[in-house]
Amino acid sequence: MEKKIKTVGLFGKYQDPTVAEHILRLVEFLRQRRLNILLDEHTAEHLGKTPGPVRSRTAIGNEIDLGIVVGGDGTLLNVARDLAPHRVPIIGVNLGRLGFLTDIQADTMTAEIGKILDGDYQTESRMLLYAEIMRKGHIVHTANAFNDVVVTKGELARIIEFETYLDGEFVNSTRGDGIIVATPTGSTAYALSSGGPILTPTLEAIALVPICPHTLSNRPIVVSSDSIVEILVTGVANQRAHVTFDGQSTFSLEDNDRVYVRRAEIEVELVHPSGRSHFEVLRIKLHWGRKL
């Protein structure tokens, strides 16, 4: 965090009845540290009372020096995509289940955040993906993704057909449930459950993970983060397919649509307590064996 922290934005998990008490506790703590506080408008709606100025999600990134997200990884993914263009660093407080990204526990959050504000922390830059959907020669939709861009079948249990290209070179043609294009951050999410590899968070790479391919020899591959991935949908004329971004937004695809995915020009800066180890997180969250 290069800038001196003067104003903090608070973001909470929507429709979680427990989030209010944690946000209000944070407000009191940050005020004691003489920091300015802005509340995300969607978070403020669920607090019952408004303990400070409220800003829209589109505006708040221009005014804050630090974002604190209270919720699960899904909440942080949502906030991170909006704050990344403003280069606002983010701290995650975990109210969810796994908490790969939100690594501060709620019961110790004031102590941990206090240490971070005192300068005892480590930062980590994580890549985003930028996706474009081209239809009949025109870009019809764009979106960023922190975890993954997923091309997948619709509601019916029918396989779809698609072709994959890398920097314009044909890779393969696939029949299956779809394909996941994942960042290193997203490699421990949907991609992992589909048999993909775990990538270390700062690796300059993108994982391509097929979802239930009909050909068993179709395996995940890892490519350079400088690559442009192109997915041509070729077999959905009589059925449905769609592309999702971090599992939080979606766009319906038509036959011969092309989905282009590349590394975004912006990144997400995460702030962690000092001494955090990615492999310790994996051991805890994935129940890996500890050192004997």
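Each residue in segment 147-193 was checked for being surrounded by fewer than 20 Cβ atoms within 10 Å (Cβ to Cβ) and of a type in the set (G, A, S), and 6 pass. Can you find a residue that is at pLDDT 95 or above, out of contact with any helix residue (DSSP H, G or I) (no Cβ under 8 Å at 6 or more places or on another chain) and not in a helix (DSSP H, G or I) anywhere in segment 50-63? Checked against the condition, which is being at pLDDT 95 or above, out of contact with any helix residue (DSSP H, G or I) (no Cβ under 8 Å at 6 or more places or on another chain) and not in a helix (DSSP H, G or I), segment 50-63 yields at least one hit. Of all the listed residues (S227, S252, S217), the sole one being in a loop (DSSP other than H, G, I, E, B) and over 19 Å from A182 (Cβ atoms) is S217. Whenever a residue of segment 224-237 is in the same structural domain as F251 (by TED's automatic domain parsing), its partners that are in a loop (DSSP other than H, G, I, E, B) and modelled with pLDDT under 95, lying with C-beta atoms within less than 6 angstrom and at least six residues away or across chains, give the pairs V236/D255; A237/D255. For I37, the conditions (1) touching a residue at least 24 places away in the same chain (Cβ under 8 Å); (2) over 14 Å from L117 (Cβ atoms) are fulfilled apart from (2).
Go through the residues of segment 239-252 one by one and say whether even a single one is of a type in the set (D, E), in the same structural domain as E169 (by TED's automatic domain parsing), surrounded by 14 or more Cβ atoms within 10 Å (Cβ to Cβ) and closer than 23 Å to G196 by Cβ. Yes, segment 239-252 contains a residue that is of a type in the set (D, E), in the same structural domain as E169 (by TED's automatic domain parsing), surrounded by 14 or more Cβ atoms within 10 Å (Cβ to Cβ) and closer than 23 Å to G196 by Cβ.
The values are calculated or read from the model by the stated rules, or taken from the named source; none is laboratory data. The structure displayed is predicted, hence computed values, not measured ones. Glycine gets a Cβ as well: all are built from the backbone with ideal geometry, and neighbour counts include every protein chain shown.
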